[in-house]
Amino acid sequence: MRQIFLDTETTGLYHAQGHRVIEIAAVEVINRRLTRNHFHYYLNPDREIDAGAQEVHGISLEFLQDKPRFAEIADDLIAFIADAELIMHNAPFDVGFLNNELGLINLPSLKSIVASVTDTLKIAKEMRPGQRNNLDALCKHYGIDNSKRTLHGALLDAELLADVYMAMTRGQNSLMMELDSPASKSSESLTRKVSDVVVKQASSDELTAHEEYLAELAKSGRCVWHALKN
């Protein structure tokens, strides 16, 4: 199973107000293991960054002046996430921004690119109702080291999200491990051993002795063995 954990940073909160993606990062997980493949770009938004947003991620417009625009990296992004399960924390936010960016350059939406979209915030709220379920809170709950997260950063957040997701779904992992364990193959081993058993027939003397024993047993009452045979 190929999963992509993705995060974005933006110029503000609402793409409908013209805000843009300024950082995008994604890490690849195959069969619940991080690979060395990741996707990461800072992007020039061609617009100002809201002061509140800059306080969260620390990315300045000056820093982004020589960075590529979304249109320049779109094909590489699509190739990286194609046909995978796309996993994000508060997925509607990231999906909305990415679909907006794709639409601005006449490319199809995420729905037609990826196999599915999973929202870890929704999962966390179902598992921990009434509790704080932001990434920091989940890292603390599951004992994941997020000490390097002094500011929001898309690449670090995508990596932390992968760790959080693995912790949240550990029961599923355990089940798969049990299915793959040697114990699950015991029936196969048993079948192989039984097929190797050599059946030895009783001799005529042994059969005669057995019948004599049953006859003596019958004298004391009803013989169950004879009843079963009849």
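Every read-out reported here was derived from the displayed coordinates using simple, explicitly stated rules and does not represent laboratory data. Here the structure is a predicted model, which is why all the values come from computation and not from measurement. Every residue, glycine as well, gets a Cβ built from its backbone with ideal geometry; the counts of neighbours run over all protein chains shown.
When the label point is put 7 Å from the Cα of Thr118 along its Cα-to-beta-carbon vector, which residues of segment 27-68 have a backbone N closer than 16 Å?
So the set is 27-35.
Using 0.36 nm per residue of separation minus the Cα-Cα distance, give me the extension gain between Ile105 and Asn37 in nm, one decimal.
Values: separation 68, 0.36 × 68 = 24.48 nm, distance 2.59 nm.
That pair, Ile105 and Asn37, stretches by 21.9 nm at full extension.
Per residue of segment 36-45, what does 6.51 cos²θ - 1.76 cosθ + 1.60 with θ = phi - 60° give for ³J(HN,Hα)? Whole Hz please, x for Gly and Pro, Karplus curve as stated.
Each residue of segment 36-45 in turn: 8, 7, 8, 10, 8, 9, 8, 10, 7, x Hz.
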